[in-house]
Structures are given as structure tokens and as C-alpha cells.
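> My questions will all concern the structure given below.
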Amino acid sequence: MSSKLSLRHEISPADTWDLTPLFATDQAWETSFQELSKLYLTLADFRGHLGASPQKLHDLLEYQKKCNQLIERLSQYASLRVSEDSSNATSLEREGRFQSLITKIEEASSFIAPEIQAIDNKKFAAFLADPLLKNWITPLERLRRQRDHILSDREERLMALCAATIDGHSETFSQLTNVDMTFGTVCDDQNREITLTQSSFSSLLQRPDRKVRQEAFEKFYQEFSDHRYTLASSLASSIKGDVFHARARNYPSALEEALFDDDVPVSVYDNLITAVRSRRDVLFRYYELRRKVFQLPDLHVYDTYAPLVASIQSHVSFDEATEKVLASLHPLGNEYVQTLARGLKQERWCDRYENKGKRSGAFSAGGYEGPPYILMNYKADVFADIYTLTHEAGHSMHTWYARKTQMFQNYHYPIFLAEVASTFNEVLLTEHLLKTTDDQKMRAYIINRQIDDLRGTVFRQTMFAEFEKITHAAEEAGEALTLEFFRKTYRTLLDSYFGPGVFIDEALELECLRIPHFYNAFYVYQYATGISAAVTLATQVLKTGNHERYLDFLRSGGSHFPIDTLKTAGVDMKSPEPVKTTLDLFERRVEELEELLN
């Protein structure tokens, strides 16, 4: 038997997202693209006048907002079309033209920030006090914080001009790994030939047959090994670009630049690494449990993803997964559940299944107009995909509530908060699944799933965060970012985070070259901080039965800095308590699993 990857046109429309709320046709997108091509030219009329009066500043902000809303719609449509099939030449050409236009718009608007920053403090305070600008206080105050990092008009123009070039390595990585690279096929335990892709790789690692897992692992990383120098060069260029950007804007480091926008202290990042490292013994204990249950002489990393409860056969259709997710979210009230139900069942928010050329993984892509879309590569035999669905639904509903409550300039929430909403849903799903079964093997399966989710979200993402910190610091210190440097650095972290009980295959040193998030540096730590906040908030909702405080958190969007938003919701991220609470949950679940399996 053979499992052939479907082409995009072979997928049922009912299983794909409906992009017509954004643009009814490709031609409608083209019409708006031409409109934007002319609209942004008027920005030049505002040059030199922003400090003249609150009225002038207000007029510019409103006009720029009009441009930005159109940019967001155009960008979302173009990006989603590429994501559904990155081999489609028309989609690639559309996105390329859009990116070229964005470069021109950024160049044309590069005078705005320096001009606003040039307004003296007394006049700026008077502007903010004017009722005309009351809806713009938050974005203006945030911009003002950037005063030391905004460059001159000419320098900002240069930064805008070179942005696409500096960020080009990300597109190179995406095209190489999602289109050009081919991984062959793997025969599963039923002698079916499975096409090995970035998406099917995770499914194959969860197969009970160790030979299948090993073959998938070796073939997958052989392809990365064949392209290792290109990938290392691409990653090095990404890191160099981050450091260049930070130095050009007068930040002490790339890490501090990444945290600055959200006003997150570096201590939050460092404290996360310290806290997680201090509890690795529980993780090592879990790996030893895996080795014993699988009766293996040695445990390889490709053995750490298969469910420990092998007798539980996981086959959950997308529709069944949707019902489980909706049932688990009832503590959040009717509005939340009914809105999500319409989105997943009737309004086609979600692009469900894998097809050739489709972007791997999953994401939520919401905007101020149109549905908050979800990309999935759902597989019925991957139990974790139910968690992926509720995770992305958390992002989408966060967007839905934020845009319903906030103005455009304040609705967009930072990643730091986004990961709270998504992992919050995962916590509720686990609690629901545990409450709805008395079967001890199923309970063990679910607990094992949460352990692995916590392992992947807290321990693994913290390891990634430490890798990013080390590699950027190396570039800032003038070290050479070679393939061998990446391998050696990553190997040290693998040994540290997997411990003495896990055998690290040499090929795994190349894992650092395949992580897409490394092209958006200092992003992944927010998965770990996010779930720490989510566990605390979910505990509050389940204990009190009151979901309004949590929904207020979703409604707040980006109207406040994330640390302040979470504190209002009841979580102090400057304290070690949220991370400690999550690590305590991990330890408790390991103890429960040990008892159930014994």
C-alpha cells in the first residue's frame, strides 16, 4: 500500500479555509493592491508637519491607520495563499510583489517615527492631553519609549530599504525545507509506504514500532545533513541580521532589543532558564520511566515521542477532535464556545489537512477584518493534533475578542500574551479528558500526553531559548558562526537537557538547523512563560468558576504591556511562582503516571 500526498486541488473545499471574506477573488486582491500602491504616496504630504499641531498628527495617524488596515488584509491573503501551497507560482509572485510594495511603503513612511520623536517633551505632553488624540495615547506612548532607538530620517530610510535583504534568509530557509528538500518514504509497521515530510515526521516518531521511528529519524536527518552547510549559513545570516539591527538601533544586545517592545525585563528570560535547569532531575526521571516501560537497553531521542500506553489506539477524526475541544472549553461560557463552533464547523476558519507544498506545522493568522484563520496539517493518528487544534483555536479566539473590543491600533496583542491564550486551552482540554474517562489506561495516555506537552513547551522551548541566547552572544562577541560551532553548542545543550540516560545520536546535532522559530529570534521563550501563566489562570477559572477575568484578559488585546496585563488577570510573571507552579504540575503528573503504569 502507498500513501501519496494529495495535491492542493485534490483537497475537498469543505476541508480548506474560505478566504473570500478577505477577498472574493484574486482579482479583488489585485484591485486593492493597486489602491494601496496609490494610497501610500499621500503620506509624503505629511512630512515636516507632524509637530505643528495635534490636528496634523491626528490626521497622519488616521491616514496611516487606513493604509495599515489595507496592508494587513493584503498581507494576510497573500501569505495564506503561499502557506496553502508554496509551490504555486502565482501565489509566490503575488507575495513577492506585495513585499516589494511594503519596502516602498516603509521607505515612504520612514520619516514618521523620527518626526514624532523630535517633538520636545513639553509639546508632546500637551499633544497627548488634547482630546483629539485620546484614541492614540497608547501607541504614541509606546513609540515615545523608542526615542533612543529611532534613527535619523536618512538612516530610517536606509533601514527600510535593506529590511527585505536582511530578512531574506528566512524565505530561503522556508523554500529549502518546505519545497526543495525531499525525504523519501518510510514503511510503517503495516508495510504501508508513507511519504516522509516535515509534517509526517512527527506522526512517524509516535509509532509503536521502534524500527519505523528509527528509519524516519535517520532518513529525515540525512536530508538535513546533505544541506547542512547551506542551512548553517542561512541560520548564521539570520543571527547576524538580528545583531546588526540591534547595534544599528543602539540596543545593548539583540536579546534586549527583542524584549524591549513588550517591556519585559531580561531577568524574566534568565530566570526561566535558571528555574527550568534546576528541575531537570524530574525530566531525567521521566526519561528513565520511558526506558523501563519500553524495555530498552538504551533510550534514543526518537523513542521519547511514542505514547507510553501502546495499547491505546489513537484515531480521532477532525470532526471528533472539534467536539472534544468545544466540550473542554465550556468553562469559558456560551459566547466563546458558540463562536468557535461556528468558525470551525460552518465558516471554514480552518485549513485542515496536509497537501503537497503546504507549509508544515500549524498556526493561527487573524486580522482586524476577516476570520481568524487556522492552518493545520491534521492527522487522525496523531493524538497531539487535538491539542494543536485547541492551541491554535486559543490564538484565534484571542484575536476575535481583542478586535471586538479594541480599536485597530490597540487590538494586536504581543506573542508574550498570545501563548497564554493558546496553552490555556490545552490545560482545559487535559482536565476535560481526564474527567470524562475512568479507564486507567486512557488516563495514563492523557497524563502522558500532558507530560509530553509540558516537556515540549517548557523544557524544550527553554533549551531553544538558551541556544538563541548563546548564539547571539557569540556573534556579538565576534565568534565565527560556523556549522561546527552550531553543532557543538547544540550538542552541549542536548546533553544537558536530556541527561545521562538518553543516547544522543550525532545526527540530532543538526536539529538546530531545522527549527523555523530560530528565524524569529527570542520568540520561543514565550511558549514556556505562556504556559506558566496559562496553568495559573486555568487553575483560577476551574477553581472559582468565574471566567470573566480571563475573558477580560483576551479582550485587552495589546492595550497594555504584557507583564501589566497578566498582573491584572492575576499572574505576576516577575515572580518565579508561575514557572514553579508549572514545574510542580509536571512533577505531579510524572508521579501519577509512574503509579498508573506500575
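The values are calculated or read from the model by the stated rules, or taken from the named source; none is laboratory data. Quick caveat: nothing in here was measured; it's all calculated off a predicted structure. Backbone-built Cβ (ideal geometry, glycine too); neighbour counts: all protein chains shown.
> Could you please give the count of residues in the stretch 421-444 that are buried (at least 24 other Cβ atoms within 10 Å of the Cβ) and among the hydroxyl-bearing types (Ser, Thr, Tyr)?
The qualifying residues number 2.
> Please tell me if residue 42 is more than 23 Å from the chain's Cα centre (by Cα), free of Cβ contacts under 8 Å to residues at least 12 places away in the same chain and in a helix (DSSP H, G or I).
So residue 42 does not fit the description; no.
> Of the residues 351, 303, 319, which is at pLDDT 95 or above, under 30 Å from residue 89 (Cα atoms), acidic (Asp, Glu) and touching a helix residue (DSSP H, G or I) at 6+ places or on another chain (Cβ under 9 Å)?
Answer to the selection: 351.
> Examine the stretch 382-389 for a residue that is free of Cβ contacts under 8 Å to residues at least 60 places away in the same chain, part of a loop (DSSP other than H, G, I, E, B) and under 30 Å from residue 562 (Cα atoms), and state whether such a residue exists.
Taking every residue of the stretch 382-389 in turn, none turns out to be free of Cβ contacts under 8 Å to residues at least 60 places away in the same chain, part of a loop (DSSP other than H, G, I, E, B) and under 30 Å from residue 562 (Cα atoms).
> Report, by residue number, each residue of the stretch 478-509 that is small (Gly, Ala, Ser), in contact (Cβ under 8 Å) with a residue 60 or more places away in the chain and farther than 17 Å from residue 462 by Cα.
Correct list: 501, 507.
> Inspect all residues belonging to the stretch 317-336 and state whether any of them is without any contact (Cβ under 8 Å) to a residue 60 or more places away in the chain, crowded, with 18+ Cβ neighbours inside 10 Å and under 26 Å from the mean Cα position of the chain (by Cα).
The answer is yes; a qualifying residue exists.
> Scan the stretch 53-76 for residues that are loosely packed, with under 14 Cβ neighbours inside 10 Å and either more than 34 Å from the chain's Cα centre (by Cα) or over 20 Å from residue 137 (Cβ atoms) (or both) and jot them down.
55
> Out of the residues in the stretch 1-30 meeting the condition of being among the acidic types (Asp, Glu) and not in a loop (DSSP other than H, G, I, E, B), tell me which one is nearest to the chain's Cα centre (by Cα).
15
> Here is a check on your reading of the model: is residue 269 closer than 26 Å to residue 579 by Cβ, of a type in the set (Ser, Thr, Tyr), part of a loop (DSSP other than H, G, I, E, B) and in contact (Cβ under 8 Å) with a residue 12 or more places away in the chain?
no
> Looking only at the stretch 1-52, how many residues end up being in contact with a strand residue (DSSP E or B) (Cβ under 8 Å, 6 or more places away or on another chain) and either within 30 Å of residue 128 (Cα to Cα) or exposed (fewer than 14 other Cβ atoms within 10 Å of the Cβ) (or both)?
4
> Another question, if that's okay. Do you know which residues across the stretch 432-457 are assigned to a helix (DSSP H, G or I), modelled with pLDDT under 90 and hydroxyl-bearing (Ser, Thr, Tyr)?
Residue satisfying the conditions is 445 alone.
> Would you confirm, using the coordinates I've provided, whether residue 429 is touching a Lys or Arg at 6+ places or on another chain (Cβ under 9 Å), of a type outside the set (Phe, Trp, Tyr) and modelled with pLDDT under 95?
no
> Against the definition (of a type outside the set (Val, Ile, Thr) and under 22 Å from residue 582 (Cβ atoms)), how does residue 559 come out, yes or no?
Here the answer is no, as residue 559 does not meet what is asked.
> In addition: Report yes if residue 111 is within 19 Å of residue 61 (Cβ to Cβ), buried (at least 18 other Cβ atoms within 10 Å of the Cβ) and modelled with pLDDT of 95 or more, otherwise no.
No.
> Turning to a different aspect of this structure: When you scan the stretch 194-217, do you find a residue that is modelled with pLDDT under 90, touching a Gly at 6+ places or on another chain (Cβ under 8 Å) and outside any loop (DSSP other than H, G, I, E, B), even just one?
Yes, that holds for at least one residue.
> Is there any pair linking a residue in the stretch 175-186 that is within 19 Å of residue 93 (Cβ to Cβ) to one that is at pLDDT below 90 and part of a helix (DSSP H, G or I), with Cβ under 8 Å and at least six apart or on different chains, and which?
If the second residue must be at pLDDT below 90 and part of a helix (DSSP H, G or I), the pairs left are 178/198.
> Still on this structure, I have one more. Considering each residue of the stretch 224-259, count those that are over 28 Å from residue 147 (Cα atoms) and crowded, with 21+ Cβ neighbours inside 10 Å, and give that number.
Count: 3.
> Out of all the residues in the stretch 545-565, which are under 23 Å from the mean Cα position of the chain (by Cα) and on the phi > 0 side of the Ramachandran plot?
Result: 557, single match.
Yes/no per residue for (1) modelled with pLDDT under 95; (2) under 19 Å from the mean Cα position of the chain (by Cα); (3) part of a helix (DSSP H, G or I); (4) aliphatic (A, V, I, L, M):
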| site | (1), (2), (3), (4) |
| --- | --- |
| 517 | yes, yes, yes, no |
| 528 | yes, yes, yes, yes |
| 534 | no, yes, yes, yes |
| 543 | yes, no, yes, no |
| 567 | yes, no, yes, no |
| 575 | yes, no, no, no |
